[in-house]
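Notes follow the structure.
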């Protein structure tokens, strides 16, 4: 099987939007999080958890947890692991809540309206993940 055929077969295993999430998790795992943890200065570091911004050493201390989440997301989407449902949907729902909370409580936020708009946008992939249970339950022979 050629490399192109292998990539096409891999992409056919999941919906297009899930492929985007897979590639986002790969990018975060192998490009952004190593930069964030090892290169970005502590003084400018920010991490958001449930809409609450952590800065400095508190942010730096929680980066490995974000790295783990994105790494598990990349692995889970790549192999279409059954445990991804509901955990990917739970994390995506947490992001929806975080978008609302951050906009309301952060001085740089856009208030309730901005938070509701952002939360609504991020609710689209969250709902899609909640509805994707059957996609993760399927076990194509190439994935076993």
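The values are calculated or read from the model by the stated rules, or taken from the named source; none is laboratory data. Please read these numbers as outputs of a predicted model, since none were measured by experiment. Cβ coordinates were reconstructed from backbone atoms using ideal geometry, including for glycine residues, and neighbour counts include every protein chain displayed.
Structure notes:
- Within region 31-44, the set of residues being under 13 Å from residue 64 (Cβ atoms) and either more than 19 Å from the chain's Cα centre (by Cα) or loosely packed, with under 15 Cβ neighbours inside 10 Å (or both) comprises 34, 37, 38.
- Qualifying residue in region 87-96 (condition: crowded, with 16+ Cβ neighbours inside 10 Å, in contact with a helix residue (DSSP H, G or I) (Cβ under 9 Å, 6 or more places away or on another chain) and in a loop (DSSP other than H, G, I, E, B)): no
- Residue match in region 49-58 (condition: free of Cβ contacts under 8 Å to residues at least 12 places away in the same chain, touching a strand residue (DSSP E or B) at 6+ places or on another chain (Cβ under 8 Å), farther than 14 Å from residue 135 by Cβ and part of a helix (DSSP H, G or I)): yes
- Remark: residue 82 matches the filter, which requires a residue to be surrounded by fewer than 16 Cβ atoms within 10 Å (Cβ to Cβ), touching a helix residue (DSSP H, G or I) at 6+ places or on another chain (Cβ under 6 Å) and under 22 Å from residue 26 (Cβ atoms).
- Among the residues of this structure, residue 17 counts as one that is in contact (Cβ under 8 Å) with a residue 40 or more places away in the chain and in a helix (DSSP H, G or I).
- Against the conditions (1) in contact with a helix residue (DSSP H, G or I) (Cβ under 9 Å, 6 or more places away or on another chain); (2) free of Cβ contacts under 8 Å to residues at least 60 places away in the same chain; (3) within 25 Å of residue 134 (Cβ to Cβ), residue 12 satisfies every one except (1).
- Test: residue in region 45-56 that is under 30 Å from residue 108 (Cβ atoms), exposed (fewer than 12 other Cβ atoms within 10 Å of the Cβ) and at pLDDT below 95: yes
- Unmet requirement for residue 108, which otherwise passes all of (1) out of contact with any helix residue (DSSP H, G or I) (no Cβ under 6 Å at 6 or more places or on another chain); (2) outside any helix (DSSP H, G or I); (3) surrounded by 12 or more Cβ atoms within 10 Å (Cβ to Cβ); (4) without any contact (Cβ under 8 Å) to a residue 40 or more places away in the chain: (3)
- For residue 40: the one exception among (1) touching a strand residue (DSSP E or B) at 6+ places or on another chain (Cβ under 7 Å); (2) assigned to a loop (DSSP other than H, G, I, E, B): (1)
- The criterion of being under 27 Å from residue 12 (Cβ atoms), out of contact with any strand residue (DSSP E or B) (no Cβ under 6 Å at 6 or more places or on another chain) and either surrounded by fewer than 19 Cβ atoms within 10 Å (Cβ to Cβ) or touching a residue at least 40 places away in the same chain (Cβ under 8 Å) (or both) does not hold for residue 100.
- Residue within region 59-78 that is more than 14 Å from the chain's Cα centre (by Cα), free of Cβ contacts under 8 Å to residues at least 24 places away in the same chain and not in a helix (DSSP H, G or I) present: no
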